[in-house]
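Q: Just dropping this structure here.
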C-alpha cells in the first residue's frame, strides 16, 4: 500500500522540482533507509516533499536552466546542505529554535 501511494507522489514531486522522475524514487529510498537507521518513529514516512520542491526549483532556476547537468548538481548540493544543517541542529540540540520561531510567527498574526 505504501508503494501505491509513495511511488506516484515521488515521481510527481521530482518533476515539480525540475528533476528527472527517477530522482524522486532515489529520494524516497535514501530517506527511508536513513530514517530506518537513525529515526525513532516507525510510522513516519520520509521522502521528497511536494510543498518545498517548487520553492527549491524556483531558487535553482534563477541560477541555471532546469534540466541541465548544472541544475542537477546544484539540486544535489542543496539537498546535501539542507541535510548537513539538519544534522548540525540535531547534534547541537537546537530544536528549541523551531519552537521559538513558531511562537514568534503565531504572535505576529
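Q: Failed condition for residue 96, given (1) touching a helix residue (DSSP H, G or I) at 6+ places or on another chain (Cβ under 8 Å); (2) surrounded by fewer than 11 Cβ atoms within 10 Å (Cβ to Cβ), with all others met?
A: (1)
Q: Only one of (1) in a loop (DSSP other than H, G, I, E, B); (2) more than 30 Å from residue 64 (Cα to Cα) fails for residue 3. Which number is that?
A: So residue 3 meets the others, but not (1).
Q: Could I ask something else about it? Looking only at the range 44-82, filter to residues that are loosely packed, with under 11 Cβ neighbours inside 10 Å and within 21 Å of residue 2 (Cβ to Cβ); which one of those is modelled with the highest pLDDT?
A: The residue in question is 51.
The values are calculated or read from the model by the stated rules, or taken from the named source; none is laboratory data. These numbers were taken from a predicted model, which means no experiment stands behind them. Glycine also receives a Cβ, built like all others from the backbone with ideal geometry; neighbour counts cover every protein chain displayed.
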